[in-house]
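Q: Next up is a structure, given as structure tokens.
The values are calculated or read from the model by the stated rules, or taken from the named source; none is laboratory data. Please read these numbers as outputs of a predicted model, since none were measured by experiment. For neighbour counting, all protein chains shown are included, and Cβ atoms are generated from backbone atoms with ideal geometry for every residue, glycine included. Remember, those area values only see protein heavy atoms, side chains included, never the ligands or the DNA or RNA. Shrake-Rupley method; radii C 1.70, N 1.55, O 1.52, S 1.80 Å.
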Amino acid sequence: MTRRSILKYAFAGIAAIVLTLVVGWWQVDGPGAPEQAGLRPVALSEMEFRLTDHEGNEVGPENLIGSPSMVFFGFTYCPDVCPTTLSDISGWLDDLGEEAEGMNVVFITVDPERDTVEAMAEYVGYFHPSIRGWTGPEEEIARAAQGFRARYGRVPTEGGDYTMNHTASVFLFDAKGRFSTMIDYHEPREFAVPKIRRALNRETGGQHEN
Amino acid sequence: MKTVLYGLMAASMFASSTATPVEAGSEDVVVEDAWARASIGVNRPGVAYMTIRNTGDEAVILTGLRTDLAMMPDIHQTSTNADGVSSMAPAGEIEIAPGESVSLEPGGLHAMLMRLQRPMAKGESFSLTLDFSDGGEIVVEVPILGIAARGPES
Ligand SMILES: [Cu+2]
């Protein structure tokens with residue numbers, strides 16, 4: 001086989017992969033997906049889902065009410081966006097120090113098939129100790145994502161594996177569980193930390209519920 | 001840790017064994033600030049980042065990657081759409097204009113290391129070969145930083 005024909009095959013292969021990715025995208029997140037764009041997460045008190053944290057405890061949205069919360073979706077087989085978000089969050093928490101103490105920081109997987117409780121435990125262990133990892137049955141993940149208006153979808157990759165597209169924003173809630181704001185992926189730290197501070201200090205208009 | 005890695009220029013074995021003419025081009029490419037994240041085991045894909053600078057006066061085209069660390073290394077592009085949904089896809093060939101550089105960095109282009117052959121351990125390094133359309137190649141020694149690393153210096 002000449003180098004030229006190897007290249008030809010390589011191009012055909014890449015074209016096939018790109019097509020697969022585009023088709024997957026169309027179905028799960030593209031125009032073929034249910035319309036959710038532009039919606040804000042509902043209040044935590046209006047959400048309903050049952051998941052398991054990385055220490056095996058049963059958890060749900062009620063665990064996030066009483067203290068301000070920071071929640072984001074991802075998966076541990078994610079090489080680029082998720083470790084970057086997790087280390088960004090770790091950096092923000094370091095910057096905030098004691099101020100962020102008691103804040104709920106939760107990473108919810110969108111890939112429960114591979115992200116078991118054990119996988120989540122190992123993974124979150126590499127980041128800030130406040131970060132909790134939640135997983136659970138696919139239907140419960142879907143209910144959680146619905147409440148946060150987060151989107152995700154499975155996309156096949158080269159070699160028969162798959163990756164996940166997912167909302168990469170970080171959601172902030174005040175201690176009452178009301179949505180405060182979100183931090184978009186790529187947002188500079190000088191914007192992120194004040195946003196977290198706002199969620200932390202937001203007047204709750206009454207006593208905490210815990 | 002300040003790392004500036006120079007691409008080790010290798011007269012391409014490919015170029016000498018095929019009819020492809022070797023032109024000046026990839027000899028003028030310099031790779032800087034290469035780094036990778038440690039992996040957990042071998043099931044998850046690894047990732048590496050770097051800046052690829054074309055110091056020459058003609059465009060160069062990066063066509064692919066090779067490494068014995070991963071069976072399927074490829075350059076991927078992460079993109080985040082208006083709804084905040086991130087996805088990634090093969091980036092294809094990457095052209096670097098004369099005097100320009102291309103950054104592989106978190107949230108953008110990355111060297112995706114699929115099918116790891118061994119775990120990527122923090123503190124170790126691996127060699128990654130960048131192939132160019134003129135038949136030239138550059139071998140980069142990539143240091144492996146922690147899973148939570150954010151850039152070449154952390
Ligand atoms: Cu990738």
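Q: At B:V42 and A:E187, where each label point lies 7 Å from the Cα along Cα→Cβ, what is the point-to-point distance in nanometres?
A: Going by the 7 Å Cα→Cβ label model, 4.1 nm.
Q: Same structure again: Can you give the net charge of the other residues whose Cβ lies under 14 Å from the Cβ of A:T181, counting K and R as +1 and D and E as -1?
A: With Lys, Arg at +1 and Asp, Glu at -1, the net is +4.
Q: Using R₀ = 35 Å, calculate the FRET efficiency as 1/(1 + (r/R₀)^6) where r is the Cβ-Cβ separation of B:D83 and B:K122; round to 0.05.
A: Details: r = 35 Å, r/R0 = 0.99.
Once rounded, the FRET efficiency stands at 0.50.
Q: Shifting gears a bit: For the stretch B:93-111, which residues drop by 20 square angstrom or more in accessible area between the chain on its own and all protein chains together (1.4 Å probe)?
A: B:E93, B:P106, B:G107
Q: I'd like the mean, over residues of B:66-75, of how many other protein chain beta carbons sit within 10 Å of each residue's own Cβ.
A: Per-residue shielding by partner chains comes out at 1.
Q: Roll a 1.4 Å probe over the protein heavy atoms and report the accessible area of A:E113 in Å², nearest 10.
A: So the heavy atoms of A:E113 present about 120 Å² to solvent.
Q: From the phi of every residue in the stretch B:33-40, what ³J(HN,Hα) in whole Hz does the Karplus formula 6.51 cos²θ - 1.76 cosθ + 1.60 yield, where θ is phi - 60° and glycine or proline is x?
A: 6, 6, 7, 9, 8, 4, 10, 9
Q: Counting C-alpha atoms alone, how compact is the stretch A:43-164: give Rg to one decimal and Dmax as a whole number, in angstrom.
A: Expressed in Å, the Cα Rg and Dmax of the stretch A:43-164 come to 14.1, 46.
Q: Then there's this: Using 7 Å Cα-to-Cβ label points, what is the A:L96/A:E138 separation (nm, one decimal)?
A: 3.4 nm
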